[in-house]
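Below is one structure; the comments refer to it alone.
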Amino acid sequence: MLQDVERVWVVQCKSTGHFLSAELHMVRSLRLAGRAPDLECAIETGRIHFDQDFEVFSFFEPPDRVESVSHAKHF
């Protein structure tokens with residue numbers, strides 16, 4: 001079950017609700033949000049782009065789902 005998914009992290013701006021894309025642009029859709037390779041990368045990227053106005057979320061996706069979305073690549 002869990003072997004068929006991989007953990008991903010995304011960064012969201014608290015004040016606007018926008019997510020950070022892999023190209024480091026603001027996007028409204030979680031589907032278009034960039035996936036960080038690990039928690040530390042997500043936190044560092046959030047601090048650089050949003051100061052303290054961000055949250056990091058983690059969830060699991062099938063590997064083919066992550067690869068099939070062109071914007072869902074790593075920062």
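The values are calculated or read from the model by the stated rules, or taken from the named source; none is laboratory data. Please read all numbers here as calculations on a predicted model, not as lab measurements. Using ideal geometry, Cβ is built from the backbone for each residue, glycine included, and neighbour counts are taken over all protein chains shown.
Within the stretch 23-34, residues that are surrounded by 12 or more Cβ atoms within 10 Å (Cβ to Cβ) sit with their Cβ atoms under 7 Å from residues that are part of a helix (DSSP H, G or I), at 6+ positions apart or across chains, in these pairs: Leu24/His49.
Cβ-Cβ distances below 8 Å connect the following pairs, each with a first residue in the stretch 1-21 that is at positive phi, a second residue that is assigned to a loop (DSSP other than H, G, I, E, B), and a separation of six or more residues or different chains: Gly17/Arg28.
Each row is one residue, and each column tells you yes or no for (1) polar (S, T, N, Q); (2) in contact with a Phe, Trp or Tyr (Cβ under 8 Å, 6 or more places away or on another chain); (3) modelled with pLDDT of 95 or more.
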residue	(1), (2), (3)
Leu20	no, yes, yes
Asp53	no, no, yes
Ser58	yes, yes, yes
Glu61	no, no, no
Ser68	yes, no, no
Lys73	no, no, no
